1. Among the numbered conditions (1) open to solvent by 20 Å² or more (accessible area, probe 1.4 Å); (2) under 32 Å from the mean Cα position of the chain (by Cα), tell me where ALA668 comes up short.
2. Hey, among the residues in region 281-322 that are of a type in the set (Asp, Glu) and not in a helix (DSSP H, G or I), which one's farthest from the chain's Cα centre (by Cα)?
3. Which members of region 489-507 meet the condition of being open to solvent by 30 Å² or more (accessible area, probe 1.4 Å), assigned to a loop (DSSP other than H, G, I, E, B) and away from the ligand (no atom under 16 Å from the Cβ)?
4. Would you check which residues across region 219-262 are among the small types (Gly, Ala, Ser), open to solvent by less than 10 Å² (accessible area, probe 1.4 Å) and assigned to a loop (DSSP other than H, G, I, E, B) and list them?
5. Against the definition (of a type in the set (Phe, Trp, Tyr), buried (at least 23 other Cβ atoms within 10 Å of the Cβ) and closer than 16 Å to VAL129 by Cβ), how does TYR267 come out, yes or no?
6. Exactly one condition in (1) of a type in the set (A, V, I, L, M, F, W, C); (2) closer than 22 Å to GLY545 by Cα; (3) touching a residue at least 60 places away in the same chain (Cβ under 8 Å) is false for ILE385; which is it?
7. Hey, any hits in region 150-160 for a residue that's closer than 18 Å to ILE496 by Cα, touching a residue at least 24 places away in the same chain (Cβ under 8 Å) and part of a loop (DSSP other than H, G, I, E, B)?
8. Yes or no: LYS176 at pLDDT 95 or above, away from the ligand (no atom under 15 Å from the Cβ) and of a type outside the set (S, T, N, Q)?
Amino acid sequence: MKDHELQELLSRMTLEEKAGQLVQLDGACFGTRGITTGPQEALGITQETVDMAGSTLNVLGADTVRRIQENYLKRSRLGIPLLFMADIIYGYKTIFPIPLGLGCTWDPELIGRDYAFIGRESAADGAMVTFAPMLDLVRDARWGRCMESTGEDPLLNSRYGEAMVKGLQGDMVPGKNIASCIKHYAAYGAVEAGREYNTVDMSEMRLRQDYLPAYKAGVDAGCRMVMSSFNVLNGIPATANKHLMVDILRDEWGFDGTVITDFASIYELIMHGVAADEKEAALMAFRAQTDVDMQTGCYANNLADLVREGKIAEADLDRACMRVLKLKNELGLFEDPYYQADALKAQEIINDPAGKEAAVQTALEACVLLKNNGVLPLAKTGVRIALIGPYADTGDMLGLWAIHADRSHSVTLRQAFEQKLSPENFRCCTGCKTLDDPAELGDFGNIPVVTKNPDEETVRQWEKEAIEAAEWADVIVLAMGEHTLQTGEGGSRTDITLPAPQKELIRKLAAYHKPMVLVLFNGRPMALSDVEPYTDALLEAWFPGTYGALAVTDLLFGDANPSGRLSVSMPYTTGQVPVYYSHGRTGRPCAPGQRSRFTSRYLDAPNEPLYPFGYGLGYHKAVYGETKPDKTCMKSGETLTVSVSVRNDGDREGCETVQLYLHDCAAAVARPVKELKDFRRIVLKPGEEKTVQFTIDEEMLKYVHADCSYAAEAGTFEVMTGPDSERLSCAVFEYIQ
Ligand code: BGC
């Protein structure tokens, strides 16, 4: 449709029809099943509302989409098609590693290609918009939704955000690309005490310095939609927060796409105690230019009246409605309301080996080798290997948001090990329960995960098998981790260690003094200091996806060399949380190992995490040279080049992620001790040396001041390079204005 045709369409719509475009309802309203993540209160939704609703969520499948659209259009007075949106977070049918794992690849280009595949796979099956990527910065490992984030760093998250948005949207070709809705705007990752749906209170300086950059990167990359977050930010829920939604998002960043609420978050304005009833809630959210109401009756039942009462200008309703119409038009729905959804094509893509290859490659890059006393890589012959643990033989390595996954494609670790080992050298057993009481975890809709433990006799039998296998084996590989439902939405924990039955089994097996390799499947940076001493090697696999087991096995047996680097700090203990590398300075800093009382430190734990941001090992041996700036002074308008050499002294090819950090030594406000400014992945053959050059420009020296201005100041800067955020070599330069 041409612009004037859209205008003409708008001019024919009633107030109710305009409001209808701003309503999103789930599959149940359209006679199909979907996953719903919010409370199912009576919505006050009539059939008329359903007939006028502009969009639906988590209804997919080419044939279903076609059927629902066809029926919908039959009842639609003006023939405006329904928009199909869904949570396609890190894979549709083919599941990639969870975003926390994607974050550890330090390879945004690869992730962009993955998201292009994800877009293609889901668009063929009827998806038009996805609620992804989630661009919340996470520093509190208690929060279950750490799994949905690429990590703790603004720069890294921004690079991924940009790549994901561009990958999903491509050229916005119907049936091939999907529109991206970034979320959860804003600062949802900072919920107090890591408790889900909790409040957020932080300075505007901190908000702009750390939390906003990734959303801004998503907007700059052209995302068509933004989702408001559940949380209160500095007293006002995001959904009704004019400062966030209008001053920053619309006016400062120039976003003119659609803003949608998170699930029922307009209604939740009442629960937050800022609106007396649904009508007031609707008015507040609408005035903040929140366009679409997900899954409540607040807009459907009130917007038209609010216009009639003069509380909302009709022009504002028109603007919001037009944003939705424009998106539908851009997706070509007025020409093809089915978005070229095609069940056969969808099936072909799901079975396309390219998807499998991409998922394996990404899982290879996402796993992080945290420790290796030399036991890895494992030999394929002449060694008896026992694979033990709740993750030894399950396809459920997909993480919580794999709600549309084709689980029939999932490969288990046992199957992957069997491809490498002859049967006489391999045993596999479950060993123990994942946790004591999975029933306590609640329910997350239709994802098929184990929520019941077997009877005690079976559990005793499992342990007996594990002990026999340990006695028999030369090496024990433990496949352990968190239950899927211990992470993700509603998955906050106060104890972020390995669940008790698994720790107990590790202690029992340690008595056999066999080398132990622990492979971890989990959705947050866990506190590992209580199990790490029992292990000879630790591989962090996160939830690695449909084909993740193949990647993990290739890494364990040395068919691939680990290259993942942590995009989050791994705490030493839960009590340290939040622990992150770019923390502020203190007047009484404590050097590692120092024990003086009057310094900023814990009495019972180090300040540092167990494994720092940026850290990861490989099977090669990288040796980093000194940080060498090309001059000692950088004048305003100039750039400075920093070089660092890296040599591979090992006997196999390896990939290094060379990292660049900066620190402003004396600024107008207390600055973080260091901040990541750039990074480069390089591949080194045995004996090879490469010099990596980074360019420092003035933009990198700028920071958010107390009055929220963004500028650089003359003075001394430390520039650091190295393999992670702790092992850094430092040089200084003066910046002169
Ligand atoms: C989640 C969102 C999700 C939405 C729709 C909410 O509960 O917070 O991330 O996109 O549900 O399913």
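1. (2)
2. GLU309
3. ARG493, THR494, ASP495
4. SER229, the sole residue that qualifies.
5. no
6. Of the numbered conditions (1) of a type in the set (A, V, I, L, M, F, W, C); (2) closer than 22 Å to GLY545 by Cα; (3) touching a residue at least 60 places away in the same chain (Cβ under 8 Å), the odd one out for ILE385 is (2).
7. Scanning region 150-160, I find at least one residue that is closer than 18 Å to ILE496 by Cα, touching a residue at least 24 places away in the same chain (Cβ under 8 Å) and part of a loop (DSSP other than H, G, I, E, B), so the answer is yes.
8. Criteria met by LYS176.
The values are calculated or read from the model by the stated rules, or taken from the named source; none is laboratory data. Every value quoted in this text rests on a predicted model; they were computed, and no experiment measured them. Counting neighbours? That spans all protein chains shown, and the Cβs are built from the backbone with ideal geometry, glycine included. Accessible surface areas use protein heavy atoms only, side chains included; no ligands, DNA or RNA. Shrake-Rupley method; radii C 1.70, N 1.55, O 1.52, S 1.80 Å.
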